[in-house]
1. On full extension of the chain, what length is gained from residue 39 through residue 24, given 0.36 nm per residue of separation minus the C-alpha to C-alpha distance?
2. What ranking of 54, 117 emerges when the number of other C-beta atoms within 10 Å of each C-beta is taken as an exposure proxy, fewest first?
3. Rounded to the nearest 0.05, what FRET efficiency do residue 87 and residue 2 have when you use their Cβ-Cβ distance and R0 = 30 Å?
4. Cut-off is 10 Å between beta-carbons; in what order do 8, 79 appear when sorted fewest neighbours first?
5. Taking the Cα-to-Cβ direction at residue 53 and at residue 120 and moving 7 Å from each Cα, how far apart do the two end points lie in nm?
C-alpha cells in the first residue's frame, strides 16, 4: 500500500515541529597541493533544524583524526527528510560537534536519522 504524497508532506511537517535545534553541516575535504594533500573541513549548510537524542548513557574512548584518542558518546541526530548529510560530515549544534558515523535512509522518509559520536 502506497502512502499519498499529501500524507507524507503532513508527516514531514509534524516531524519538523520537533526539531528544536539548529545545526551546521561541516564536510571533510581534501585538496591536493604541490606540497601534498591538505585536509580540512568546510561548512556546506547552516541553520538546519535538528534534534539530538541520546543513544547510550556511557562514554567510551576511540581513535579520532590524527590518531588521537578521544572520548566518544553515541547520539542519534534527526534532520529534515532528504538532508544532504554523509559519513564524511560533522554536525555542529550549540557549540557541540558530532561526527556522523551512519546516515539512515528510509522508505517514506519523514526525517533523516544520523548515528553520531560527539567529538570532545
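1. Working: separation 15, 0.36 × 15 = 5.40 nm, distance 1.90 nm.
Length gained, residue 39 through residue 24: 3.5 nm.
2. Least to most surrounded, the residues fall as 54, 117.
3. On the way: r = 30 Å, r/R0 = 1.00.
Rounded to the nearest 0.05, the efficiency is 0.50.
4. Lowest count first: 8, 79.
5. Placing both labels 7 Å along Cα→Cβ, they lie 2.2 nm apart.
Only the coordinates and a few stated rules stand behind these numbers; no lab work does. Please read these numbers as outputs of a predicted model, since none were measured by experiment. Please note: Cβ atoms are built from the backbone with ideal geometry, for glycine as well, and neighbour counts cover all protein chains shown.
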